[in-house]
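Below is one structure, written out as structure tokens, with a few remarks after it.
FYI, it's all coordinate maths here, none of it is from the lab. Since the structure is predicted, the reported quantities are computational estimates derived from the model, not experimental observations. We place every Cβ from the backbone using ideal geometry, glycine too, and count neighbours over all the protein chains shown.
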Amino acid sequence: MPLIAAHNIHKTYRAGEIEINALSNIHFSIETASLVSFVGPSGSGKTTLLNIMGCLDMPTEGYIEIAGVKTTELNWKERAAFRGNTIGFIFQDFNLMTVLTVYENIEYPLIMVQNIPPDERKSRIMKLLKEVGMEDQKNKFPDQISG
Ligand SMILES: Nc1ncnc2c1ncn2[C@@H]1O[C@H](COP(=O)(O)OP(=O)(O)O)[C@@H](O)[C@H]1O
Ligand SMILES: [Mg+2]
């Protein structure tokens, strides 16, 4: 079973009378533990596709399957839970919370989405910080550290 499969994805944006066709007839599958890039000129639909794959937006037609779950058939609440528990994003502009420290930025989804108890939160956060050599930066705010 592929980790991610896209079946016949179409996306049309509607702005009043105007329709913009961003994606047509997209099919692919991605195996576990692979590293994949979507490459194309500006406006070719990369962000649209990633938003749909990441459960942030819905296709007009077709479906996405992640680890056997048809994410496009979940309701918005289920999709939000699936996204929070299963998918990791690194956005182009980070979307870090400027008023929270590095530590608190990592902690936030563990509280809000995953409801992890405090002791386990702390050990998971410290393990992650250690992995990327950022234990010393944990009390800094996003604008005090390098990109
Ligand atoms: N929210 C939106 N409303 C209307 N059109 C959009 C919207 N987002 C993207 N588009 C259009 O869809 C097409 C694909 O855009 P996008 O997915 O952002 O491409 P890329 O990320 O490859 O630059 C473009 O023509 C863009 O103008
Ligand atoms: Mg883009």
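Some observations on this one:
- Neighbour-limited loop hits for chymotrypsin sites (Phe, Trp or Tyr not before Pro), region 19-78 (at most 16 other Cβ within 10 Å; DSSP other than H, G, I, E, B): PHE38
- Cβ-based charge dipole, the chain, positive-most Cα from THR71, ILE4, PRO109: PRO109
- Maximal additional length on extending the ASP143-VAL69 stretch stands at 22.9 nm, based on 0.36 nm per residue less the C-alpha distance.
- Temperature 4 °C, viscosity 1.567 mPa s: under these conditions the Stokes-Einstein estimate for region 102-144, based on its Kirkwood radius over C-alpha pairs, is 122 µm² per second.
- Partners for LYS140 among lysines (Cα-Cα distance below 17 Å; same-chain residues under 8 apart left out): LYS122, LYS130
- Cα-centred dipole magnitude for region 61-130, charges only on beta-carbon of K, R (+1) and D, E (-1), debye, nearest 20: 260
- DSSP-loop GluC sites (Glu not before Pro) across region 1-44, with at most 12 other Cβ within 10 angstrom: GLU17, GLU31
- Amide H contacts of GLU61 (H built 1.01 Å from N, under 5 Å, at least 5 apart or other chain): HIS10
- Partners of LYS77 within straight-line reach, counting aspartates and glutamates whose Cα lies under 14 Å from its Cα and excluding those fewer than 8 residues away in the same chain: ASP57.
- Per-residue ellipticity at 222 nm, computed for the chain from helices alone with -39500 (n - 2.57) per DSSP H run of at least four residues, works out to -9000 deg cm²/dmol.
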